[in-house]
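Scroll down for the structure; my scribbles are underneath it.
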Amino acid sequence: MTQPVALLWDRPSGPHHATLVFAHGAGAPMDSPFMERMAALLAERGVAVARFEFAYMARRREEGVKAPPDRAPKLLERFRAALASVAEQAPGPLWIGGKSMGGRMATLLLAEPSPPVAGAVVFGYPFHPPGKTERTRLDHFPDLGGPLLICQGERDPFGRRGEVEDYRLGAPVTLHWAFDGDHDLKPRKRSGGDHDANLVAAADRAAAFMNGSASR
């Protein structure tokens, strides 16, 4: 029997347009500053956000033992369990997404046959390991079964704008670029950009995408 997955909810105070099952990245938990801020911004824009932790991160929280991420099959099993828990509680269109590794897992779920979700939203997709541009993580993109929005920093070492714009990502994929952003969408001070402004712009784009008011 599948163990229940603990969920951390951010719910809109006003009209509810969609629900996002939101997975964390490889090295930071579901309540990291990025996850906290993005979940709050999306909830302000009518998206209910359910965060969860992969099993290795939950063990780290409970036992204080730092462990590397599990392999993809185990991560996907946990994501499916979280999705099932949220589906029992959440009305409206159901979306999946995440930060970095969590976002990649969401895209793998979206590429499975008949995914039970409306689409996916990813913040900082790991297109390739830093410095290894030849090792792209795009083999499953032709099988995506719904729309995918990727909010990416222009200078993200996991996929810079100049690299990503040369990829053939396919019609289901929409890109939103965070000005001078790194993997957390944070710009350099000398660029004149503002980190929170980048997060707000990404949340605006993601909420519009899930709410159906964005062109795709």
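Among SER32, SER13, which is the only one that is surrounded by fewer than 20 Cβ atoms within 10 Å (Cβ to Cβ), at pLDDT 95 or above and polar (S, T, N, Q)?
Answer to the check: SER32.
Selection over region 145-156 of residues that are touching a Pro at 6+ places or on another chain (Cβ under 7 Å) and either open to solvent by less than 20 Å² (accessible area, probe 1.4 Å) or part of a helix (DSSP H, G or I) (or both) gives a count of 2. Taking region 158-216 as the range and being hydroxyl-bearing (Ser, Thr, Tyr) and either farther than 23 Å from GLU44 by Cα or surrounded by 19 or more Cβ atoms within 10 Å (Cβ to Cβ) (or both) as the test, the residues that pass are TYR167, SER191. The single residue among ARG59, ARG78 that is surrounded by 14 or more Cβ atoms within 10 Å (Cβ to Cβ) and modelled with pLDDT under 95 turns out to be ARG59. Reported count of residues in region 81-106, each being within 20 Å of VAL47 (Cα to Cα), open to solvent by 10 Å² or more (accessible area, probe 1.4 Å) and not hydroxyl-bearing (Ser, Thr, Tyr), is 11.
Given the options THR174, THR136, THR107, name the one that is in a helix (DSSP H, G or I) and hydroxyl-bearing (Ser, Thr, Tyr).
So the residue among THR174, THR136, THR107 that is in a helix (DSSP H, G or I) and hydroxyl-bearing (Ser, Thr, Tyr) is THR107.
The values are calculated or read from the model by the stated rules, or taken from the named source; none is laboratory data. Keep in mind it's a predicted model, so treat the numbers as computed, not measured. We place every Cβ from the backbone using ideal geometry, glycine too, and count neighbours over all the protein chains shown. Keep in mind that these areas ignore ligands, DNA and RNA; they rest on the heavy atoms of the full protein, side chains included. Shrake-Rupley method; radii C 1.70, N 1.55, O 1.52, S 1.80 Å.
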